[in-house]
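First the structure, in the form of structure tokens, and then the observations on it.
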Protein chains: 2
Amino acid sequence: MSPYVFRYEISPHISVHLECSGILHSSQSRFQKIEVVESLDFGKMLVLDGVINLTERDEFVYHEMLVHVPLFSHPKPLKILIVGGGDGGTAREVLKHEGITRVQLVEIDGEVIAVSKKFFPSLGLALGHPKLNVLLVDAIQYVREIEEKFDIILIDSTDPVIEQSEGLFTGAFYGDCLKALTEQGILAAQVGDIFFETDLVLSIFTRLREVFPIVRIYLAPIPSYTLVPYSFAFCSKTIHPEMGLGLSRFDRGLETRYYNPQIHHAAFALPEHLREEFER
Amino acid sequence: MSPYVFRYEISPHISVHLECSGILHSSQSRFQKIEVVESLDFGKMLVLDGVINLTERDEFVYHEMLVHVPLFSHPKPLKILIVGGGDGGTAREVLKHEGITRVQLVEIDGEVIAVSKKFFPSLGLALGHPKLNVLLVDAIQYVREIEEKFDIILIDSTDPVIEQSEGLFTGAFYGDCLKALTEQGILAAQVGDIFFETDLVLSIFTRLREVFPIVRIYLAPIPSYTLVPYSFAFCSKTIHPEMGLGLSRFDRGLETRYYNPQIHHAAFALPEHLREEFER
């Protein structure tokens, strides 16, 4: 391996440079370029089409916040749909919850799964769990056609700027998700950078509000993504996250490194300059 | 002005690169190198000895969180001591509070004040307020010798890695601050990066705990400083920040862009991986 600098843009005129010891894997799947890069301070990183998808050092923040905020808001989540999430990190967090009966993971790119199992075993291992079913199909078509209902849908996609994810950020897709949710169902999705990509994030929230009665933004710092806390969407028909309907289950031995009930509530506190735009 | 890239280190192997249109000011005072740099995405930046002290784009987060968290935790703050803060941003936020009778600012470097008044008028203007007194002396000696008591002490220094600030992070200085506080007095200080400089931040909190009965860490994202939320210390003899003893004053027209009562409480929520070390 030869050392090099991995560089990514935070905004048009700000970039972050990571010293790396080398590239462990590089391949081109039908859908995207998949790389595994060894960085000195973030550890191994999964890079899709040049964009950091996860790093060993901070993936726990992303996966715990995408999963536990909706799951602990729900009184009794049984059936979970994961859209994307081929690395296995989201499935790993979901499967920590007692009582889950079925996890359906719909990933378009089987090669992400293979690479994750090989290079990120602490994530990829979850993909072999008996309660988990993996389908290698386009989630847009899958959600449009299913008649099954889920308690939770987790959208663990790449960013909307990447072509093959664009369809996961449309009103039509969100409408299909709404139909695939039970009455107390919750959808959570990763969205973007509220500080440097405010307009993009706002446009996604506008689309979500046209579909879901309850739409909330919540935040968590993911240092390998942006310079400010990254945003997630919490959407439902009837449940507000403040109700914390499942929070009493937290103390029964579920282990986390980032999430806890204080963080659950704090993640929804919005700075004054964002409240007018995002809290309606 | 000639365009260039301003670069700063987040950790030994991670750096952030900001495209800049040029340097507006550069001088060497008795204490430090003072520069004003025009960056494309953060606006004008005050740079002391090569380290970003503030930027036009995000200084509001830093100054509001350093000031309003302690001031709204206090039932009736009248007399405020600012240690450092020569740019005027902290004074500007303090002076938004009704009822303040006296603000004492102790800045070692008069040239920071002059540069701020010229290049950052929205901050520097506060330095001419009639309730504000400016002393150009070493705050360590000043606090050691005063007999006056303050309701709030705000430590708005440069980082502990910079030589002339080191004395502001010692147990001896904290002990002198404790003596200069009223019975309900509160000290707030900027500390550092909990993710990439965890040991440094922990050592400062250990020293604070040896002096103050109540010591709490709170967080706010300041994108021009680090990749994760930056940490502040809240220290007092008797008052806990959750009590929010002054929060009812918030709605009487005090204008903020970051701080609000929800943020006040959320800033104290610690991720699980930090709770054991910081919440005692």
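Observations
- Checked against (1) in contact with a Gly (Cβ under 7 Å, 6 or more places away or on another chain); (2) away from chain B (no Cβ under 14 Å); (3) at pLDDT 95 or above, A:L95 meets all criteria but (1).
- Some residue of the stretch A:98-119 being of a type in the set (F, W, Y), assigned to a loop (DSSP other than H, G, I, E, B) and touching a residue at least 12 places away in the same chain (Cβ under 8 Å): no
- Restricting the stretch B:105-142 to residues that are touching a Phe, Trp or Tyr at 6+ places or on another chain (Cβ under 7 Å) and surrounded by 15 or more Cβ atoms within 10 Å (Cβ to Cβ), the residue that is farthest from B:G175 (Cα to Cα) is B:D109.
- Long-range neighbours under 8 Å by Cβ, at least six apart or interchain, first residue acidic (D, E) within the stretch B:254-267, second at pLDDT 95 or above and in a loop (DSSP other than H, G, I, E, B): B:E255/B:K96
- Within the stretch B:197-240, being away from every other protein chain (no Cβ under 13 Å), among the basic types (K, R) and not in a helix (DSSP H, G or I) holds for one residue alone: B:K237.
- Checked against the criterion of being of a type in the set (G, A, S), outside the structural domain of B:F42 (by TED's automatic domain parsing), closer than 30 Å to B:D251 by Cα and within 13 Å of the chain's Cα centre (by Cα), the candidates B:G99, B:G89 yield just one match: B:G89.
- Of the criteria (1) crowded, with 17+ Cβ neighbours inside 10 Å; (2) out of contact with any Asp or Glu (no Cβ under 7 Å at 6 or more places or on another chain), which one B:V67 fails: (2)
- Residues that are more than 22 Å from B:N53 (Cα to Cα), hydroxyl-bearing (S, T, Y) and within 17 Å of the chain's Cα centre (by Cα), drawn from the stretch B:161-206: B:Y174
- The stretch A:211-237 residues that are in contact (Cβ under 8 Å) with a residue 24 or more places away in the chain, paired with ones that are basic (K, R) and part of a strand (DSSP E or B) (beta carbon under 6 Å, 6 or more apart): A:F234/A:R216
- Top-ranked residue in the stretch A:97-137 [being out of contact with any helix residue (DSSP H, G or I) (no Cβ under 8 Å at 6 or more places or on another chain) and among the basic types (K, R); ranked as nearest to A:D151 (Cα to Cα)]: A:R102
- Pick from the stretch B:23-50, criterion crowded, with 16+ Cβ neighbours inside 10 Å and either in contact with a Cys (Cβ under 7 Å, 6 or more places away or on another chain) or more than 21 Å from B:S2 (Cβ to Cβ) (or both), ranking: nearest to the other protein chains (Cβ to nearest Cβ): B:S39
- Filtering the stretch A:242-275 to residues that are away from chain B (no Cβ under 13 Å) and either surrounded by 23 or more Cβ atoms within 10 Å (Cβ to Cβ) or within 23 Å of B:I263 (Cβ to Cβ) (or both) leaves A:M243, A:G244, A:L247.
- Selection within the stretch A:175-193 - surrounded by fewer than 19 Cβ atoms within 10 Å (Cβ to Cβ), in a strand (DSSP E or B) and not β-branched (V, I, T): A:E183, A:Q184
- Residue in the stretch A:130-146 that is closer than 29 Å to A:P271 by Cβ, in contact with a strand residue (DSSP E or B) (Cβ under 9 Å, 6 or more places away or on another chain) and assigned to a strand (DSSP E or B) present: no
- Scanning the stretch A:207-221 for residues that are over 15 Å from A:H240 (Cα atoms) and more than 19 Å from the chain's Cα centre (by Cα), we see that the one that is surrounded by the most Cβ atoms within 10 Å (Cβ to Cβ) is A:V211.
- The lone exception for A:I153 - which of (1) under 22 Å from A:L208 (Cβ atoms); (2) assigned to a helix (DSSP H, G or I); (3) not small (G, A, S) it fails: (2)
The values are calculated or read from the model by the stated rules, or taken from the named source; none is laboratory data. This is a predicted model, so every value here is computed, not measured. A quick note on method: Cβ atoms are made from the backbone with ideal geometry, for glycine too, and the neighbour counts reach across all protein chains shown.
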